[in-house]
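The structure appears below as structure tokens.
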Protein chains: 2
Amino acid sequence: MPQPSAPRTSLGRPPRISREEVVAAARRIVDADGVNRLTMRRLAAEIGSTPMALYHHVRSKDELLVLLLDDYAARTLHRPELPEEPRERVIVATDAIHSALADCPWIVDVLTADDLLSTSALWFVEQIIDGLLACGLTPRQAVHGYRAIWYYTAGEIVVRTTAARRRTDDDRPTYRERVFGELDPSELPRLEQVADRWASLTAEDTYLDGLRALVDGLLASR
Amino acid sequence: MPQPSAPRTSLGRPPRISREEVVAAARRIVDADGVNRLTMRRLAAEIGSTPMALYHHVRSKDELLVLLLDDYAARTLHRPELPEEPRERVIVATDAIHSALADCPWIVDVLTADDLLSTSALWFVEQIIDGLLACGLTPRQAVHGYRAIWYYTAGEIVVRTTAARRRTDDDRPTYRERVFGELDPSELPRLEQVADRWASLTAEDTYLDGLRALVDGLLASR
DNA sequence: GGTAGTTTTCTTACATGTACAGAAACTTAC
DNA sequence: GTAAGTTTCTGTACATGTAAGAAAACTACC
């Protein structure tokens, strides 16, 4: 696969499948049976090919997942009305990305890939950086600010969804539960104090609160 | 493995290996050959056992990695001098955890596990929450604040190390590079404006700046 | 000692991602 | 036509995590 999706030169054996077909078939499998059922063999069967043939169109299963996320973002990430006020624009744009990603908790690993995802997400990045600039940050500060926002957002999704995943396929007491049961009040009085409320407090969705705090802090540092 | 590390009742076939031995052997392999060389078969060979025997002492390879991180934290996470001023105490305690984790970029997946890691990390959590309380937050706000700080910290490490990992085992242009090459200046003027500086700007380590901003924002919301 | 019960270990087997080696199906140059 | 070159596809093979169940090594009770 020296040149994936290269301009068709009509040289060599004509391809029977395309990268787009592969992604589309993968999407069908994921939609129908969940991401766990997506294997290279199943995917090959779905499009009537062999597992290794897929590797001429995607470099690895990981890349396939990135493409899937791309595809997902392109279909579901619609541009919302953004408020005029720049600070609020940053919040709303970020929250839109966060909501879209939180709705598709498969591919958690993928969104750790890099700072920006698909082309369709770029518009949101643009809005975030524009908002930060409009608030008076320098371009340098704005890019760093966007990074911080992305760290926070990606971290929230990754931590939250993997924690949830572990909870479902596991009945034994969590590590957290074990640890909190054996707290030494004299050494860790604050944790002891909140121990019984910990589970319910950390179950609350405070993403937006944290985001607002972060953006406030970023703007205050200008 | 109904009761891992249960109180030895001297009933049943006596174990030839212990969970501690398994973790210690795993550590030896990781230290010597890197985390990629850590396979269940290799680990079994290292302690003169069989792969499946390991599964009576750790539930899965994932859990083994969690235990490895635990072990790592217990050995390297030393309690630093913390400043008196509570806001700065939060910063320093968090930064200590972050530094320790950033130094051990294997097990990225692990640290997404849950909000707190090993018992040795609890002291830091205590300090963070105590600092937030001392700044005037309610217990509820303090726990939420700690969560936000953890999201940001975990996100920074996960995003940064997986991006680095991808860069090393991959020579082809990054997705980011491809995307930034084809920016439409009329639609995405801000990105166009910073495009050439993007790589160097995002390479800078701004973890502490972002952390300070986040903590500032959290405290301002009180 | 024998039988049952319990815990740990071993053997075998399978699903998965993917490396490697060619075969197949084309185009271009002669 | 044939040979060479290029791209795509196929078949085989391997390393890995781990499920399932049999076997082993012990204790407790008779």
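The values are calculated or read from the model by the stated rules, or taken from the named source; none is laboratory data. If you're wondering where the values come from, they're calculated on a predicted model, not measured in any experiment. For neighbour counting, all protein chains shown are included, and Cβ atoms are generated from backbone atoms with ideal geometry for every residue, glycine included. Side chains are part of the model used for accessible areas, which takes the heavy atoms of the whole protein and leaves out ligands, DNA and RNA. Shrake-Rupley method; radii C 1.70, N 1.55, O 1.52, S 1.80 Å.
Quick test for you: out of B:Val90, B:Val159, pick the one residue that is modelled with pLDDT of 95 or more and of a type outside the set (Asp, Glu). Spell out the reasoning first.
Values: B:Val159 fails: modelled with pLDDT of 95 or more.
That would be B:Val90, the only listed residue that is modelled with pLDDT of 95 or more and of a type outside the set (Asp, Glu).
When both residues are 6+ apart or on different chains and their Cβ atoms are under 6 Å apart, which pairs have a first residue that lies in segment B:42-60 and is within 19 Å of B:Arg28 (Cα to Cα) and charged (D, E, K, R), and a second that is open to solvent by 30 Å² or more (accessible area, probe 1.4 Å) and not in a helix (DSSP H, G or I)?
none
With respect to the numbered conditions (1) away from DNA strand C (no atom under 16 Å from the Cβ); (2) under 30 Å from A:Arg28 (Cβ atoms); (3) surrounded by fewer than 19 Cβ atoms within 10 Å (Cβ to Cβ), which one is the sole condition not fulfilled by A:Pro83?
(2)
Any idea which of (1) open to solvent by 20 Å² or more (accessible area, probe 1.4 Å); (2) within 16 Å of B:Gly145 (Cβ to Cβ); (3) within 14 Å of another protein chain (Cβ to nearest Cβ) is the one B:Ile91 doesn't satisfy?
The one condition B:Ile91 does not meet is (1).
Looking only at segment B:55-63, decide whether some residue is open to solvent by less than 80 Å² (accessible area, probe 1.4 Å), away from DNA strand D (no atom under 12 Å from the Cβ) and under 17 Å from the mean Cα position of the chain (by Cα).
no
So which helices (runs of 4 or more DSSP H) stay within segment A:1-111 end to end and still have 3 or more residues that are assigned by TED's automatic domain parsing to the domain that holds A:Tyr151 and of a type in the set (Gly, Ala, Ser)?
It comes to A:86-102.
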